Structure formats: C-alpha cells, structure tokens
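Take a look at the structure below.
Just so it is clear, none of the values below were taken in a lab; they were calculated from the coordinates. Since this is a predicted model, take the numbers as computed values, not measurements. No Cβ is skipped: glycine too gets one built from the backbone with ideal geometry, and neighbour counts run over all protein chains shown.
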C-alpha cells in the first residue's frame, strides 16, 4: 500500500499530485518534498515489524517510500554496513566513530538510493527517456537503473568528470555528453533538453524524489544503532540532497515515535567550493554562488546549490554546523582512512573525514560524542586523482637481490 500522498512546496505549501510531472513549485519556484500519511504508517508498522522483515535493502522501509514496492526498480541498494572505526577513532581523538559505507552500493555511491526511487517514478509516469546533469556518480547510477528498466538515458557531465565514471555510465548504455564549463552549464543544457524533447529530468538538485530516497540512510543508521540516533551525522555536501534527505528522515522518525531526540547534522564542503559553509559562518540565509569552483572533490563542485537554503535550515533546526576542508586535508584524510580502516573512498567522501578532523581540533565537535560519518563513494572511480599525489613505494624488480636493495632504502 502507498502512504505517500502528495508533493508539497517547502516554502508556500502548494501541493501537487504524485502523478504530475513537476520538479519545482509553479507558484513560487521553490523545491518540493513528498508528503506521507504518517499517522496511518504509525498504526500499521514500527521497529518491531521491521525487525521481522527479511528484505535487507532500503525497500524494507516501503511504507515510507513513494513507490509501491512491487513496482520498484531495484539493484539491491541500501542497508549498507555501519562500521565501528576503532583505529580511526583513536587516531583522530574520537570516542565512538561509525562509518556508513555507502560506497558499497551497487554502482559505488550513495546516489543509488535516489536513483532507485527516481527511475521507479519515471517508469510509473510513463517516461520513455530520462536525462541528468552530473559530475559522475549520479550519472553512473541513473544510467544503471535506466538500463535495468530499459529506459533511454542521456547524461550531461562537465568536462572535468573522472574517466571511470563516464565509462561506467557509457557501459550501461547511456548517451554521455561532456559539457564545456561547470556543473551549472551542464544543468542548464540538461534541463533545456528535457523541455525540448520531453525527457524526464532526474537531476538530484531539483527532482523531489532524489532526497526522498536518500532519507533511508538515516533510517538505517538509527535502526543499526537500535533506534538511538547518533549525536552527530556528518555529510560531504555538494547539491545537499543527502543531508536534506536525512533531515527529512529524522523528522519523520520522530513524528512516528520511532526515535527520541535527533542528530546534529554537519555539512562539510571543500574550501574551493563552500558556498553553504560561507553562508552558515556569516549567519546569512542567502547562498552566494561560487562561479569558478576549484577542488579535487569533483562531486562537490556545486557552485550554486539549489538546496542550499534547505541545508541551512536543517543545520539550524538540528543545532548543526558547517565546516570546510582544504584539498591537502582531504587527501590526507583519504590516506588515513585507507591505512587505518582499509577503506578506499573518493575525495568527495574523504571530505567528510577531513571536516570531522578539523572540527575535533577546533573543539566544535566534542570527542566524546557518538558520530556517524557518511562515506558516499568509492575511490576506484577516482584513481587518477590520487595517482599524481602518491609517492610510489615500490619499483619494477628484476630479482630478489634488487628487492633487498629497495627494502634497505625504505
């Protein structure tokens, strides 16, 4: 049974049918969110019911998703591990650090949660083709889910996107177009193309079903912690879909009575593209766009995040904070994570660890807090980014004698 009731504007409150293809409010131009009949959900299900379910994917929370579960386009996304990072905790001075391994998702990133819902809705709405603008992870994810249900997929990506991500999208049959310029340029071409050819737009910046799928991250974290939300949840932020989704999820869980209290949300951005952090630190409600973002964390190079105001609202509502990390800090955080926990993530994901380290050093996060850090994407897609920054520790060896020489110098 479907408990989603409508789409609602986050600002003016105007509602729209779930069967209407709409991305932003037609009255005020603001973003939309999915509304649910939470009263009925609370009467029908709860944590005890979930514990009996054998579905170990995000669709175990089917009552809180806007697609009938038997119509879902799924690759088994969700219910990723929540790892207790004892080694990393000790090194950075945190008492209890948990890592949500979203890079274990089917296409290697947390975007799969949003893509599963987006493509399911696209099919229900009768779409025959979809399009997305993305620096890579969302593109590869939408391409894969489109392939699963035989939808034609068009991807528009900035020219700096990692080759591995472009190849992954192409292997799924997507038509990949590299756009000269920034993510903003790719966004404008993709949205205009959708208007002209009638494609369903799957961009995570404006499609309301993206964040709705991503809210399942916090559902899982709370369930994995026996329905006790962590003190802090830390996200690397580009578009803001992940942190906005989890704020939505926390509010839903509280209304349902499944959790008490909430988590303080932490937004981390790279210094070379940190418009939300800047607004937060200046106490501003307006997001000043970054026209020429520069950072190795390509997935976070969103100079004009359309969900920026909602992110600020989430931080204020949860007594959260926003911080930035330099490219050097991001690289060092990625190395530390790999060396201490054996986890290889892309720079965008490592940004969350870098922000956590800085916050603990500055005293804005207490080392005694229980912290959950979302690791959004695998490092296997960004090998070339790391390659030029790593000193080789081995050489081509013709013999064991040469190995002895090398080892003596190490």
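So what's the gap between the Cα centers of segment 37-82 and segment 114-145, to the nearest angstrom?
About 20 Å separates the Cα centre of segment 37-82 from the one of segment 114-145.
How much of the DSSP beta bridge set in the chain is antiparallel, as a percent to the nearest 5? Working shown, then result.
Details: 13 of 44 bridges.
Bridges in the chain are about 30 percent antiparallel.
What FRET efficiency comes out for residue 14 versus residue 362 if R0 is 45 angstrom and r is the Cβ-Cβ distance? Round to the nearest 0.05. List each step's numbers first, then the result.
Working: r = 42 Å, r/R0 = 0.92.
So the FRET efficiency works out to roughly 0.60.
Roughly how many whole Å is it from the C-alpha centroid of segment 360-410 to that of segment 308-328?
28
What is the Cα radius of gyration of segment 86-242 over 2.2 N^0.38 Å, N being its residue count?
Working: Rg = 17.0 Å, N = 157, 2.2 N^0.38 = 15.0 Å.
For segment 86-242, the normalised Cα radius of gyration is 1.13.
Rounded, prolate or oblate: which one fits segment 286-410, using the alpha carbon gyration tensor with axes a ≥ b ≥ c (rounded when a/c is under 1.5, else prolate when a/b beats b/c, else oblate)?
Values: a/c = 3.22, a/b = 1.99, b/c = 1.62.
Prolate is the answer for segment 286-410, as a/c is 1.5 or above and a/b outweighs b/c.
Which of 120, 367, 241 moves the most in a Gaussian network model of the chain with Cα springs under 10 Å?
With Cα springs under 10 Å in the chain, the top fluctuation among 120, 367, 241 is at 367.
Relative to the longest principal axis of the C-alpha atoms of the chain, give the angle of the C-alpha long axis of helix 241-256, reported between 0 and 90° and rounded to the nearest 10°.
With rounding to tens, the tilt is 60 degrees.
Roughly what % of Cα-Cα distances in segment 138-194 sit above 12 Å, to the whole percent?
Details: 962 of 1596 pairs.
More than 12 Å apart: 60 percent of the Cα pairs in segment 138-194.
Before rounding to the nearest 500, sum -39500 (n - 2.57) across all DSSP H runs of length at least 4 in the chain and divide by the residue total; then give [θ] at 222 nm in deg cm²/dmol.
On the way: 16 runs with 164 residues, N = 410.
Calculated mean residue ellipticity at 222 nm is -12000 deg cm²/dmol.
So how do 204-210, 40-46 stack up, highest first, on mean other-Cβ count within 10 Å? Spell out each step's value before the answer.
Details: 204-210: 25.3, 40-46: 14.0.
Ranking, from highest mean packing down: 204-210, 40-46.
When the chain is treated as a GNM, springs tying every alpha-carbon pair under 10 Å, which of 291, 70, 133 comes out with the largest mean-square fluctuation?
With Cα springs under 10 Å in the chain, the top fluctuation among 291, 70, 133 is at 70.
Put a dot 7 Å past each Cα toward the Cβ at residue 44 and residue 90; how far apart are the dots in nm?
Reported label-point gap for residue 90 and residue 44 is 4.8 nm.
With each pseudo-label sitting 7 Å past Cα toward Cβ, what's the residue 82-residue 284 distance in nm, one decimal?
3.6
At a Förster distance of 51 Å, what's the computed FRET efficiency of residue 405 paired with residue 313, Cβ-Cβ distance as r, to 0.05? Before the final figure, lay out each step's value.
Numbers: r = 61 Å, r/R0 = 1.19.
Efficiency at R0 = 51 Å is approximately 0.25.
Under the definition of Cα pairs under 8 Å and six or more residues apart, what whole-number percent is the relative contact order of the chain? Don't skip to the answer; put the middle values down first.
Details: 842 pairs, mean separation 64.8, N = 410.
Relative contact order of the chain: 16 percent.
For segment 1-124, just the Cα atoms, rotate onto the principal axes and tell me the three extents in Å, largest first.
51, 35, 29
If you take the beta carbon distance between residue 195 and residue 387 as r and set R0 to 30 Å, what does 1/(1 + (r/R0)^6) give as a FRET efficiency, to the nearest 0.05?
On the way: r = 40 Å, r/R0 = 1.33.
Given R0 = 30 Å and the Cβ-Cβ separation, E is 0.15.
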